[in-house]
Amino acid sequence: MINSQYKKIYISTLLLSVIVGITLIGLLYFFNWSSIVQSYNVNEGALGVVLVILSRIIIVSGMTFYTFYQWFKQEEQYFSDLPFLFGLFFMLLVFGKTLDLFIDFIYQLEEFMFLMMVKIRFLIMILDFLPMIYISIGMILFSFSLKDKNSSLHDEKYQNKIRVRIILVIILSEIIAIIIVTNISIISILYPIVVIPSLVTIVWLFNFAHRNKRLSQVNNKILWIGFAAYLISQIIRPLSQFIIGESPIFVIFAEALDLGIFIVIFIGFYKKSNYSVE
């Protein structure tokens, strides 16, 4: 628990992290600005790509601010609180999209540098899913604890230890996998291996919570529908990209679709379920 007397310190730390992140991405843009402008000028439809991704960044930034604001409004703050976890989820998505916009316009970089940028983006994506995976693991352990043979899981501290260990295994295995990747093609194969199981787990989480009347502070029905739509979009997107090709129109459509999906997810966080936790 974060004591109320440390709330200002935590706010400062969070703001500092955001400033550092913005500064690092800003430097990427600054040192590659000429290449970005050149790419922008030669690509028809580039303005639409910029506008749709910027719109997504701005809107999701608002979601981030709202979720963290809700967290700080609470009398006591826990790192396991849903507003905090959703805040991390949305915040990391914002940084991911700013890097996506950068990657869309710097394909002229040498292969090694481009690969590094894609790896960093992949790592951000892995971290972005972790807050929802953290909740999912907790819900899975809760479902196991309902069985008599798993009586040890009735201990909340023991549950948390297992949850942390599972999270560490997931993080380390995925980071090692992305570090040893040597080309973009392998990352393209690794992407669905990581994304699809993660999203399936998240969809299961909110569907399970809805059926068992858990997590009443959010609307689980809307959330599982939203994440299911996001899962479908992530499955369809690589296939469509392979068939249609990477074009500004495709990017605009895909980003606009994902923006609509994330608005649905945010509504799921904003609205409470119409049941009480038993």
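The values are calculated or read from the model by the stated rules, or taken from the named source; none is laboratory data. What you see is a predicted model; the values in this text were computed from it and never measured. Every residue, glycine as well, gets a Cβ built from its backbone with ideal geometry; the counts of neighbours run over all protein chains shown.
Test Ser198 against the criterion of being at pLDDT 85 or above, of a type outside the set (Asp, Glu) and either touching a helix residue (DSSP H, G or I) at 6+ places or on another chain (Cβ under 7 Å) or over 21 Å from Leu99 (Cα atoms) (or both), and give yes or no.
Values: at pLDDT 85 or above: yes; of a type outside the set (Asp, Glu): yes; either touching a helix residue (DSSP H, G or I) at 6+ places or on another chain (Cβ under 7 Å) or over 21 Å from Leu99 (Cα atoms) (or both): yes.
Taking the combined requirement at face value, the residue satisfies it.
Does Met132 fit the bill of being without any contact (Cβ under 8 Å) to a residue 24 or more places away in the chain and under 20 Å from Ile193 (Cα atoms)?
Details: without any contact (Cβ under 8 Å) to a residue 24 or more places away in the chain: no; under 20 Å from Ile193 (Cα atoms): yes.
Against the criterion (without any contact (Cβ under 8 Å) to a residue 24 or more places away in the chain and under 20 Å from Ile193 (Cα atoms)), Met132 does not qualify.
Scan the range 244-255 and tell me whether some residue there is closer than 18 Å to Asp128 by Cβ, touching a helix residue (DSSP H, G or I) at 6+ places or on another chain (Cβ under 9 Å) and either in contact (Cβ under 8 Å) with a residue 12 or more places away in the chain or hydroxyl-bearing (Ser, Thr, Tyr) (or both).
Residues of the range 244-255 that are closer than 18 Å to Asp128 by Cβ, as a first pass: 254-255.
Going one step further and asking which of them are touching a helix residue (DSSP H, G or I) at 6+ places or on another chain (Cβ under 9 Å), we end up with 254-255.
Filter again for either in contact (Cβ under 8 Å) with a residue 12 or more places away in the chain or hydroxyl-bearing (Ser, Thr, Tyr) (or both), leaving 254-255.
Within the range 244-255, one or more residues are closer than 18 Å to Asp128 by Cβ, touching a helix residue (DSSP H, G or I) at 6+ places or on another chain (Cβ under 9 Å) and either in contact (Cβ under 8 Å) with a residue 12 or more places away in the chain or hydroxyl-bearing (Ser, Thr, Tyr) (or both).
Quick one: count up the residues across the range 16-37 that are surrounded by 13 or more Cβ atoms within 10 Å (Cβ to Cβ) and part of a helix (DSSP H, G or I).
Number satisfying all stated conditions: 8.
With (1) more than 24 Å from Leu28 (Cβ to Cβ); (2) buried (at least 17 other Cβ atoms within 10 Å of the Cβ); (3) in contact with a Leu (Cβ under 8 Å, 6 or more places away or on another chain) as the list, and Thr201 as the residue in question, which single condition is left unmet?
(3)
Within the range 12-71, how many residues are of a type outside the set (Val, Ile, Thr), within 30 Å of Gly268 (Cα to Cα) and at pLDDT 90 or above?
The qualifying residues number 19.
I want to confirm something. Restricting to the range 94-139 and keeping residues that are among the aromatic types (Phe, Trp, Tyr) and not in a helix (DSSP H, G or I), which single residue is farthest from Val18 (Cα to Cα)? Don't jump to the end; show me each part of the working.
Start the filter on the range 94-139 by keeping residues that are among the aromatic types (Phe, Trp, Tyr), which leaves 95, 102, 105, 107, 112, 114, 122, 129, 134.
Filter again for not in a helix (DSSP H, G or I), leaving 105, 107.
On the way: Phe105: 23, Tyr107: 26 Å.
Looking at the filtered set, the residue picked out is Tyr107.
Can you name the number of the only condition in (1) surrounded by fewer than 18 Cβ atoms within 10 Å (Cβ to Cβ); (2) farther than 30 Å from Gln38 by Cβ that Ile135 fails?
(1)
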